[in-house]
Amino acid sequence: MSSHDATLEFSYETPSCARIVAESVAREIGEIDDERSRTTVERDGSVVRIEIAAADLIALRAALNTWFSLVDVAERTAAIGVASLEGR
């Protein structure tokens with residue numbers, strides 16, 4: 001299938017922050033993948049890696065937009081959680 005692919009890497013201050021983001025977005029894998037694109041999410045320490053393989057450029061662009069949005073929401077939610085634990 002893969003004639004187009006992209007790898008996204010996100011680095012975090014701590015492995016626990018990376019774990020929160022990776023676990024949050026990984027839940028979406030089965031919901032978003034289809035016959036035109038496939039995605040994997042991996043974490044190595046404080047780095048989250050998202051690999052996208054797509055059949056065409058339109059599917060790749062759509063997948064990139066989706067995964068960037070999901071990571072953004074996970075990061076903002078994690079930041080709110082950390083702030084509330086710190087009593088801000």
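The values are calculated or read from the model by the stated rules, or taken from the named source; none is laboratory data. Computed from a predicted model, the values in this text were never measured in an experiment. Methodologically, a virtual Cβ is constructed for each residue, glycine included, from the backbone with ideal geometry; neighbour enumeration extends over all protein chains shown. For the accessible areas, the whole protein counts, side chains as well, though only heavy atoms, and no ligand, DNA or RNA atoms are used. Shrake-Rupley method; radii C 1.70, N 1.55, O 1.52, S 1.80 Å.
Of the residues 49, 88, 38, 43, only one is modelled with pLDDT under 95 and assigned to a strand (DSSP E or B); which?
Every option except 38 fails the conditions.
If a residue must be touching a helix residue (DSSP H, G or I) at 6+ places or on another chain (Cβ under 6 Å) and either surrounded by fewer than 14 Cβ atoms within 10 Å (Cβ to Cβ) or more than 17 Å from residue 16 (Cα to Cα) (or both), how many such residues does the range 67-87 contain?
1
What number of residues in the range 1-14 are open to solvent by 70 Å² or more (accessible area, probe 1.4 Å) and assigned to a loop (DSSP other than H, G, I, E, B)?
So the answer is 3.
Could you list all residues from the range 46-64 that are among the small types (Gly, Ala, Ser) and open to solvent by 30 Å² or more (accessible area, probe 1.4 Å)?
Correct list: 46, 55, 62.
Considering only the range 15-38, I want to know if a residue exists there that is open to solvent by less than 40 Å² (accessible area, probe 1.4 Å), among the hydrophobic types (A, V, I, L, M, F, W, C), in contact (Cβ under 8 Å) with a residue 12 or more places away in the chain and more than 30 Å from residue 81 (Cα to Cα).
Taking every residue of the range 15-38 in turn, none turns out to be open to solvent by less than 40 Å² (accessible area, probe 1.4 Å), among the hydrophobic types (A, V, I, L, M, F, W, C), in contact (Cβ under 8 Å) with a residue 12 or more places away in the chain and more than 30 Å from residue 81 (Cα to Cα).
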